[in-house]
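Below: one structure, written as structure tokens.
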Amino acid sequence: MRDCPHPPPTDDKTTQPSFRRLNAQDGGDTYLEAQIDGRLTYCLLDSGCQFFTLPARFVAPAELEPAEIELFAANGSRLAVLGRTNLMLEIQGLRLSTTFLVSQHVDEILIGIDFLVANDVDWQFANGQVKIGGVPVPLLRRPVRGMCTITSVLGPKSLLRVRGFGC
């Protein structure tokens, strides 16, 4: 910040939170643990998302049905929908057959308002939990994603294919 004519305020009385305050201990629990077709994963509760949305890596293209629908990001940009699929979702012992829209433009599972309304979800912000059909479900912070480093020495005109899978 040296030579900055207008440095940011440093006292705690600022009204605009800093990055550190956004990651503070109070609030921010918006993920729930679930199993999708027996695979443990984490889903983001997003009341601003209209539909349950699944990253493309979770489903083979042959398993997709056509979906005549458009998705838009929060900034208004169009998100391509590859199709839709029906999968079994299990949350705290509740087994729900769920229709997901599938897009390669999302990197995590989004539980949209369609699911929240259809399943009478009661989001208790102060308690850090939701109730789905009356069943309490604890909410979690954003999961830390694993990282992998691969070191390889390749000769000239060589090819190395590395396939990775996310959560």
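The values are calculated or read from the model by the stated rules, or taken from the named source; none is laboratory data. Worth saying up front: this structure is predicted, and the values here are computed from it rather than measured. Because the Cβ atoms are built from the backbone with ideal geometry, glycine has one as well, and the counts that use them run over all protein chains shown.
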*Of all residues in the stretch 56-69, count the ones that are part of a loop (DSSP other than H, G, I, E, B) and either within 14 Å of residue 106 (Cα to Cα) or among the hydroxyl-bearing types (Ser, Thr, Tyr) (or both).*
1
*asked:* Going by what's in this entry, would residue 72 be described as touching a residue at least 24 places away in the same chain (Cβ under 8 Å) and of a type outside the set (Lys, Arg)?
replied: no
_the stretch 145-162 - residue that is farther than 25 Å from residue 42 by Cβ and of a type in the set (S, T, N, Q) and, of those, modelled with the lowest pLDDT_ = 151
*residue 102 versus (1) at pLDDT below 95; (2) surrounded by 11 or more Cβ atoms within 10 Å (Cβ to Cβ); (3) within 30 Å of residue 161 (Cα to Cα): which is the lone unmet condition?*
(1)
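A quick yes/no check of all residues on (1) within 26 Å of residue 29 (Cβ to Cβ); (2) touching a Leu at 6+ places or on another chain (Cβ under 9 Å):
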residue	(1), (2)
65	no, no
68	no, no
92	yes, yes
103	yes, yes
136	yes, no
*Can you tell me how many residues in the stretch 61-79 are in contact with a strand residue (DSSP E or B) (Cβ under 9 Å, 6 or more places away or on another chain) and surrounded by fewer than 19 Cβ atoms within 10 Å (Cβ to Cβ)?*
12
_Out of the strands (runs of 3 or more DSSP E) lying entirely within the stretch 70-134, which hold 3 or more residues that are under 16 Å from residue 37 (Cβ atoms) and polar (S, T, N, Q)?_
94-103
_Among (1) small (Gly, Ala, Ser); (2) more than 18 Å from the chain's Cα centre (by Cα); (3) over 21 Å from residue 28 (Cβ atoms), there is one condition residue 126 misses while meeting the rest; what is its number?_
(3)
